[in-house]
Amino acid sequence: SKVDDKHRHRAEGELQAAVKLDPKNAKVRMMLVDFLLEMKMAKRAEGELKRFLELVPNSKEALAAISRLKA
């Protein structure tokens with residue numbers, strides 16, 4: 001529905017803004033990734049994980065999430 005779309009876009013925008021403010025924050029980034037996965041946007045979730053791993057190469061959470069995505 002239109003209302004759901006509006007809320008979805010707003011939620012995504014808020015999460016994207018939080019990531020921009022604190023790009024190395026695993027918790028915030030994983031919230032965005034989880035949101036994208038719930039919205040059936042696996043490719044975008046994977047992109048977020050890759051960008052995060054460029055900043056924090058040894059993030060256990062991001063490495064685990066990306067391996068689950070590829071499974």
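The values are calculated or read from the model by the stated rules, or taken from the named source; none is laboratory data. Just so it is clear, the structure is predicted and the values come from calculations on it, not from any experiment. Only protein heavy atoms, including side chains, enter the accessible area calculation; ligands, DNA and RNA are left aside. Shrake-Rupley method; radii C 1.70, N 1.55, O 1.52, S 1.80 Å.
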Checklist entry - How large, in percent, is the carbon and sulfur part of the accessible surface of the chain at a probe radius of 1.4 Å? => result 58 percent
Item to check | In order through segment 3-15: 3J(HN,Hα) via Karplus (6.51 cos²θ - 1.76 cosθ + 1.60), integer Hz, x for Gly, Pro | outcome: 4, 4, 4, 4, 5, 4, 5, 5, 4, 4, x, 5, 5
Checklist entry - Under the definition of Cα pairs under 8 Å and six or more residues apart, what whole-number percent is the relative contact order of segment 15-65? => result 34 percent
Item to check | Reach of Lys6 by Cα under 17 Å, taken over aspartates and glutamates that are not fewer than 8 positions away in the same chain | outcome: Glu14, Glu38
Item to check | J(HN,Hα) series, segment 55-69, from Karplus relation 6.51 cos²θ - 1.76 cosθ + 1.60, nearest Hz, glycine and proline x | outcome: 7, 10, x, 9, 4, 4, 4, 5, 5, 5, 5, 5, 5, 5, 4
Next on the checklist: What does the extension gain come out to for Ala17 and Lys70, with contour length at 0.36 nm per residue minus their alpha carbon separation?
Outcome noted: 16.4 nm
Next on the checklist: Under the 0.36 nm per residue contour assumption, what length would be gained going from the current alpha-carbon distance of Lys6 and Leu55 to full extension?
Outcome noted: 14.6 nm
Checklist entry - If you take the alpha carbon radius of gyration of the chain and divide it by 2.2 N^0.38 Å, what ratio comes out, to two decimals? => result 1.10
